[in-house]
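Trainee: Below you will find the structure I want to go over with you.
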Amino acid sequence: MNGNEKKFRDYIQSKGLKFTSERETILNHVFENHGHFEAEELLIDMRKNKKRVSKATIYRTLALLVKCGLLREVIFGEKHAHYEHVYGHKHHEHLVCIKCGKIIEFGDEKIEKFQEEVCVKNKFKPESHKFQIIGYCEDCVEK
């Protein structure tokens, strides 16, 4: 059992839920792939790979994976969420191109330190944060 599975199993059981074969299939498929993905893309990809799970089960399982800290939900200007791995990955932020949809990931200690200072100053205990800049990538600016 890998760390992702153990963390998810423990979380599921702490909520009085069952670690079903469908949830296990979704968990494994999510962590076989890297990068950002949407729930619909996951559903299509799983069906292409002959993995049978319902759309509702995918959405419910993704929500549980976010709540237990294995995934992070990020929205890149559209009305639907994208997901990315969190567990075992260094925290990062996003630059999102309006024109081509390119996503550039970056990390900056100054941003992290500033966010901590803001929380301390306001006596606020953060659980998570999302920082993204929307604009145009180098390729789209040149066109």
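FYI, it's all coordinate maths here, none of it is from the lab. These numbers were taken from a predicted model, which means no experiment stands behind them. We place every Cβ from the backbone using ideal geometry, glycine too, and count neighbours over all the protein chains shown.
Trainee: Straight-line reach from LYS15: which aspartates and glutamates have a Cα under 18 Å away, not including same-chain ones fewer than 8 places off?
Mentor: Partners found: GLU5, GLU24.
Trainee: Taking the chain as the reference, fit the longest principal axis to its C-alpha atoms, fit the long axis of helix 3-14 to the helix C-alpha atoms, and give the angle between the two in degrees, 0 to 90, nearest 10.
Mentor: So the helix axis and the longest Cα principal axis differ by about 70 degrees.
Trainee: Rounded, prolate or oblate: which fits the chain when a ≥ b ≥ c are the square roots of the eigenvalues of the alpha-carbon gyration tensor, with rounded for a/c under 1.5 and prolate only if a/b beats b/c? The partial results should precede the final answer.
Mentor: Details: a/c = 2.45, a/b = 1.29, b/c = 1.90.
Judged from the Cα gyration tensor, the chain comes out oblate (a/c at least 1.5, b/c at or above a/b).
Trainee: Along its principal axes, what span do the Cα atoms of the range 93-142 show, with the longest given first and each in whole Å?
Mentor: So the extents along the principal axes, rounded to whole Å, are 43, 17, 13.
Trainee: Can you tell me the dipole magnitude for the chain around its Cα centre, using point charges on the Cβ only (Lys, Arg +1; Asp, Glu -1), in Debye to the nearest 20? Could the numbers behind the result be given before it?
Mentor: Details: 26 positive and 23 negative charges, 163 e Å.
Once rounded to the nearest 20, the dipole reads 780 debye.
Trainee: By the scheme Lys and Arg +1, Asp and Glu -1, what is the net charge of all other residues having a beta-carbon under 15 Å from that of PHE8? Let's see the in-between values first.
Mentor: Details: positive: LYS6, LYS7, ARG9, LYS15, LYS18, ARG23, ARG60, LYS67, ARG72; negative: GLU5, ASP10, GLU22, GLU24, GLU32.
The answer is +4.
Trainee: Working from the alpha-carbon coordinates of the range 3-85, get Rg over Rh, Rh being the Kirkwood radius. Could the numbers behind the result be given before it?
Mentor: Working: Rg = 12.2 Å, Rh = 12.9 Å.
Computed over Cα atoms, the ratio is 0.94.
Trainee: Around GLU93, which amide H atoms from residues at least 5 apart in sequence, or from another chain, sit under 5 Å from its own amide H, with H modelled in the peptide plane?
Mentor: Residues meeting the criterion, in which the H sits 1.01 Å from N, are PHE106, GLY107.
Trainee: Can you list residues from other chains, or at least 5 along the same chain, whose modelled amide H is less than 5 Å from the amide H of VAL74?
Mentor: Under 5 Å from the amide H of VAL74 lie the amide H atoms of HIS82, TYR83, GLU84, each far enough along the sequence or on another chain.
Trainee: Moving on to the next point. Straight-line reach from LYS123: which lysines have a Cα under 26 Å away, not including same-chain ones fewer than 8 places off?
Mentor: Within reach: LYS67, LYS90, LYS110, LYS113.
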